[in-house]
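Peer 1: Pasting a structure here, questions to come.
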Amino acid sequence: MGIEIERKFLVISSEWRSLVTKSLVCCQGYISDKGKNSIRVRMLGDQGFLTIKGPRTGLRRAEFEYKIPLADAKELLASFCHHSTVTKIRHQVPLDSRLWEVDEFSGENTGLTLAEVELDSENQSLRLPGWVGKDVSFDNRYFNANLAKSPFSTWQPESV
């Protein structure tokens, strides 16, 4: 079984930009996000993916991700994800033997930039770079599935 252990942070400066090794356009949508499970389809660069995620326990959740033909990903997004998509540019930033992924959102989530890093265990120590701010790992509003339903642009200023 695939397990994802991930922490997520708000990005507070642009110092990470000089460390980027790769950037890809990402469009993802949710076929289902009932309860605490989700089924996501994603186009990342020129590749397609289908991902099934289970409920979170702490920072852990079951994750099964499969490559699918790009044409299938496009069709799934168009046919099954009408009102539940997120667009962003995903930047890869290697740092301290970890791969940070910095997501610059667009569309209705313009203005939001998040950094994610996957860990080997929940209690793994992590040196935080100066360009990350508040840890939002447990704030469900920042989950992509929730950003698809309740975009950042609709949030009240005091709730950010």
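Peer 1: Once the Cα atoms of helix 70-80 and of the chain are each reduced to a long axis, what angle between those two axes, in degrees from 0 to 90 to the nearest 10, is obtained?
Peer 2: It works out to around 80 degrees.
Peer 1: Right, next: Give me the net charge of V25's neighbourhood, meaning all other residues with Cβ under 15 Å from the Cβ of V25; Lys, Arg count +1, Asp, Glu -1. Can you show the working numbers first?
Peer 2: Numbers: positive: K22, R42, K74, K88, R90; negative: D46, E101, D103, E104.
Neighbour charge sum, excluding V25 itself: +1.
Peer 1: Another question about this same structure. By average Cβ neighbour count within 10 Å, what is the ranking of 51-59, 26-34 from highest down?
Peer 2: 26-34, 51-59
Peer 1: Please arrange L126, L77, L70 by how many other C-beta atoms lie within 10 Å of their C-beta, fewest to most.
Peer 2: Working: L126 11, L77 21, L70 15.
Least crowded to most crowded, the residues run L126, L70, L77.
Peer 1: Could you list W155, W131 in order of exposure, starting from the residue whose Cβ has the fewest other Cβ atoms within 10 Å? Don't jump to the answer; show the numbers that get you there.
Peer 2: Details: W155 15, W131 20.
The order, fewest Cβ neighbours first, is W155, W131.
Peer 1: Between R141 and L126, what is the label-to-label distance in nm when each label sits 7 Å out along the Cα-to-Cβ direction?
Peer 2: 2.0 nm
Peer 1: Further question on the same structure: Mean residue ellipticity at 222 nm from the helices of the chain, using -39,500 (n - 2.57) per DSSP H segment of n ≥ 4 over the full residue count, to the nearest 500 deg cm²/dmol? List each step's numbers first, then the result.
Peer 2: Working: 2 runs with 17 residues, N = 160.
When only DSSP H runs of four or more count, the value is -3000 deg cm²/dmol.
Peer 1: So which aspartates and glutamates can K88 reach, going by Cα to Cα under 17 Å and dropping same-chain residues fewer than 8 places off?
Peer 2: Of all the aspartates and glutamates, those that pass the test against K88 - Cα under 17 Å, at least 8 places apart if same chain - are D46, E101, D103, E104, E108, E116.
Peer 1: Same structure again: I'd like to compare 94-101, 4-11: which one has the highest average count of other Cβ atoms within 10 Å, and what's the full order after that? Please report the intermediate quantities before stating the final value.
Peer 2: Details: 94-101: 13.5, 4-11: 18.5.
Top to bottom by mean Cβ count within 10 Å: 4-11, 94-101.
Laboratory data are not the source of any read-out in this text; all were calculated from the coordinates shown. The structure displayed is predicted, hence computed values, not measured ones. When we count neighbours, we look across all protein chains shown, and the Cβ atoms used for this are built from the backbone with ideal geometry, even at glycine.
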